[in-house]
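The values are calculated or read from the model by the stated rules, or taken from the named source; none is laboratory data. Quick caveat: nothing in here was measured; it's all calculated off a predicted structure. A quick note on method: Cβ atoms are made from the backbone with ideal geometry, for glycine too, and the neighbour counts reach across all protein chains shown.
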Amino acid sequence: MVHFELLIHELVNQIFVDGKTTESFLIAIIVINIKALEAELGKPSNSRYKALVDKEPDFLDNDYVREFVVQELRIFGASKGLNTLEQIKAAELTLEEFTVESGLLTPTLKIKRQQMRQKYEKTIEKLYSDTNGF
């Protein structure tokens, strides 16, 4: 499954990948590894993003940061053999872990897809409506 391939990326702590039969692409809710993201954005090759980290306390909401993460995951996914239809095209970044207590995971730590869709319904709709290919 797609989320298993992306889950091993250093930027990802947890991930929920979802798709709609009416859409031609996948979206994701990503619990980001903030230390890995800050380190990656701090690299000289990513200097345009570094200013965002320094200036914006809520830089996870920044479109450029989300685009960076999506692009990193698309490159990583391609290297793991995912085709373009299996790649995410948009994502929401969060620090809020998916937990059993929040009702988003089963006791065996599997994602409860229906509960995830309910909790993130507005976010998912926004990701689909705002996405024009990044």
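Okay, here's what the table says:
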quantity: Options 92, 23: the member that is surrounded by 12 or more Cβ atoms within 10 Å (Cβ to Cβ), modelled with pLDDT of 95 or more, closer than 26 Å to residue 129 by Cα and not hydroxyl-bearing (Ser, Thr, Tyr); calculated: 92
quantity: Of the criteria (1) out of contact with any helix residue (DSSP H, G or I) (no Cβ under 6 Å at 6 or more places or on another chain); (2) modelled with pLDDT under 95; (3) surrounded by 11 or more Cβ atoms within 10 Å (Cβ to Cβ), which one residue 31 fails; calculated: (2)
quantity: Considering residues of the range 55-89 that are among the basic types (Lys, Arg) and not in a loop (DSSP other than H, G, I, E, B) only, the residue surrounded by the fewest Cβ atoms within 10 Å (Cβ to Cβ); calculated: 55
quantity: Residue within the range 90-105 that is over 16 Å from residue 30 (Cα atoms), under 16 Å from the mean Cα position of the chain (by Cα) and either aliphatic (A, V, I, L, M) or in a helix (DSSP H, G or I) (or both) present; calculated: no
quantity: Qualifying positions in the range 105-125 - buried (at least 18 other Cβ atoms within 10 Å of the Cβ), in contact (Cβ under 8 Å) with a residue 40 or more places away in the chain and of a type outside the set (Val, Ile, Thr); calculated: 116, 120
quantity: Pick from the range 34-74, criterion modelled with pLDDT under 90 and polar (S, T, N, Q), ranking: nearest to residue 85 (Cα to Cα); calculated: 62
